[in-house]
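Working notes, structure below.
We did not get these values from a lab; they are worked out from the coordinates using the rules stated. Since we're looking at a predicted model, the values are computed, not measured. Note: ideal-geometry Cβ built from the backbone for every residue, glycine included; neighbour counts use all protein chains shown.
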Amino acid sequence: MVPWIATLVLTGVLLAAAVFDSRSGEIPNALTYLAALGGLLFWLIVGLTAAGESTSSRFSAFFSAGAAMLMLLIPFGALWLSGMMGGGDAKLLAAMGAWLGTWEAALAATFYFLLAGLFLAIGTMIARRRTLETMRRLWALLVSKAAGAVAVTDEPEESRLPYAIAIAAGGILAGAEYLLEVRYPWSDWMSI
């Protein structure tokens, strides 16, 4: 019962963020902050209401959700601080981790949203007929970062991607796998 509730709420949050990002190019702070807080509180309540559990294990769901949230916030927050990702996207990823509740599901979601983002970027680039221009900008960004220079990010508004669409795809797919109790390959590595 519990994973269904978490997955349904997460799906609603991700779809709302994708709509906001598609229409306005921004994800509201209220949505991301409340979603992250809600995910942590949800797993805290789940743990505290678990019957027959020891005191330490009652908090394990909360700590697991917090770890999943930080696992996504730290690297993608660093990308936001370096100007390579939007702040709303980084906060949405943190909220997604809080609702997914486990680092395994967060890792799966990361794989899926990065793959979906690749397809979104390539499709957008082709549809806008900006492949060469995009490749030149990407090369300039990589060279400036490698040289330690500050990258100029004066890209036109139409070149930005509503990345919340890719994040939503990855989170919804990872949530569905969580519901179906898919065993991730990395779960076996960690149990050694």
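What ranking do Trp43, Trp103, Trp139 get, fewest neighbouring Cβ atoms within 10 angstrom at the top?
Trp139, Trp103, Trp43
Which residues among segment 92-110 fall inside the zone where the amide N is under 17 Å from a point 7 Å beyond the Cα of Ile45, along Cα→Cβ?
98-101
Taking K and R as +1 and D and E as -1, what net charge do the other residues with C-beta under 14 Å from the C-beta of Met96 add up to?
Combined, the nearby Lys, Arg, Asp and Glu give -3.
Report relative contact order for segment 2-190 in percent, whole number only (criteria: Cα-Cα under 8 Å, sequence separation at least 6).
Numbers: 241 pairs, mean separation 58.0, N = 189.
Relative contact order comes out at 31 percent.
Rounded to the nearest 0.05, what FRET efficiency do Arg58 and Ala176 give with R0 = 25 Å and r taken as the Cβ-Cβ distance? Could you check?
Values: r = 27 Å, r/R0 = 1.09.
For R0 = 25 Å, the calculated efficiency reads 0.35.
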